[in-house]
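Below: the structure, in structure tokens.
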Amino acid sequence: MLYPLKFHPVYKDYIWGGNNLLKLDKKLIYPITAESWEISANKDGMSVISNGDFKEKTLEDIFKWYPKELCGNNNQQQFPLLIKLIDACSALSVQVHPNDTYAFENENGALGKNEMWYIIDAKPDAKLVYGLKKGVTKNDFVKAVHENDIESTLNYVHVKKGDWLNIPSGLVHAIGEGIIIMEVQQNSNTTYRVYDYNRTGSDGKKRPLHIEKALDVINFGETEMQINKSINFGGTDYLVYNKYFAVQLIESDGLLKSDTMYTSFHTYTVIEGGFYVEEVYVGLGESVLIPACMEEYSLKGQFKAIKSFVPDITRRFVC
């Protein structure tokens, strides 16, 4: 029988990271840590279970052995989500992600990459890239690439702690300096980098760009600003709700009951406090996966967490 699953974090030491994930009680192993992959069945950072009978087994193992018990009646061909914590000590590259169709055809059958960001912390006047400036055409963008003037085409927005943004495939984006983010995304590591501030990697070489593929997938139409736009279904508020993931901000100071309805797993990432689910404690900066087969469960404690799952879009709302 499956139970609440916790995992060893998978740390990434990309050049733009720092040590700010220490604020979330992460036990960092690199002097510079950019990301902690919290829940992942991706080959580039596979989660290994840290508790219970399946300790040291991978999330991919559990998906192969118990696909329905893990993911529910909402049938999945692979574990669908990837949960991250991100420390942008310096700005990330300007990038864009493909949709499912393009990724499948051009990236060996991979999923596309839709994602969302919740701002856990941000320095004063922090900003990030969210789309292109109004009116920028593909020809304008190509000209800017050739003239090394991409920054002039970018739309910058200021963000603060508690903000959230939906990042659909095709949207040019970049996390700015001094921001800590919790990210929910499709299970994909496909990124097309279009600008990297002329930085060099640890090998002394500039990191590769992917201009041709980026131009194939960038949405040059007018971008809908999906910033701090909550959605309400049946009296329940969601930060983001689409066919890829539903995301909620959950706060409780005692007992909170929920139900997977055997439709999807639920994940929680704690950004304040902590809670018990069954006999499993989930503290600050930790994540837990509630398998769909558990159905009704309770969270006990004072906490704030980001909850995510894959909604059954044939239903009007999900508990």
For region 265-280 the number of residues that are closer than 24 Å to LYS68 by Cα and either among the hydroxyl-bearing types (Ser, Thr, Tyr) or surrounded by fewer than 21 Cβ atoms within 10 Å (Cβ to Cβ) (or both) is 6
In the set ALA126, ALA91, the lone residue that is touching a residue at least 60 places away in the same chain (Cβ under 8 Å) and among the small types (Gly, Ala, Ser) is ALA91
Checking LYS113, LYS161 in turn, the sole residue that is under 20 Å from the mean Cα position of the chain (by Cα), free of Cβ contacts under 8 Å to residues at least 60 places away in the same chain and assigned to a loop (DSSP other than H, G, I, E, B) turns out to be LYS161
Residue set ALA91, ALA103; condition over 22 Å from THR267 (Cα atoms) and buried (at least 21 other Cβ atoms within 10 Å of the Cβ); output residue ALA103
Legend entry - Flag for ASN155 being farther than 28 Å from ASP25 by Cα, in contact with a strand residue (DSSP E or B) (Cβ under 8 Å, 6 or more places away or on another chain) and at pLDDT below 95: no
With criteria (1) surrounded by 16 or more Cβ atoms within 10 Å (Cβ to Cβ); (2) in contact with a strand residue (DSSP E or B) (Cβ under 8 Å, 6 or more places away or on another chain); (3) in contact (Cβ under 8 Å) with a residue 60 or more places away in the chain; (4) not assigned by TED's automatic domain parsing to the domain that holds HIS173, TYR262 comes up short on (2)
Subset of region 47-86, residues outside any loop (DSSP other than H, G, I, E, B), under 16 Å from SER287 (Cβ atoms) and in contact with a strand residue (DSSP E or B) (Cβ under 6 Å, 6 or more places away or on another chain), comes to VAL48, ILE49, THR58, LEU59, LEU82, ILE83, LYS84, LEU85, ILE86
In the set LEU22, LEU2, LEU85, the lone residue that is at pLDDT 95 or above and not assigned by TED's automatic domain parsing to the domain that holds ILE211 is LEU2
Out of curiosity, is ASN155 in a strand (DSSP E or B) and either in contact with a Ser or Thr (Cβ under 6 Å, 6 or more places away or on another chain) or surrounded by fewer than 22 Cβ atoms within 10 Å (Cβ to Cβ) (or both)?
yes
message = For the structure I just gave you, tell me whether GLY283 is surrounded by fewer than 17 Cβ atoms within 10 Å (Cβ to Cβ), touching a residue at least 40 places away in the same chain (Cβ under 8 Å) and either within 16 Å of ILE120 (Cβ to Cβ) or assigned by TED's automatic domain parsing to the domain that holds VAL129 (or both).
response = yes
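The values are calculated or read from the model by the stated rules, or taken from the named source; none is laboratory data. Source: prediction; values computed, not measured. Neighbour counts are summed over all protein chains in view; Cβ atoms, including those assigned to glycine, are modelled from backbone coordinates with ideal geometry.
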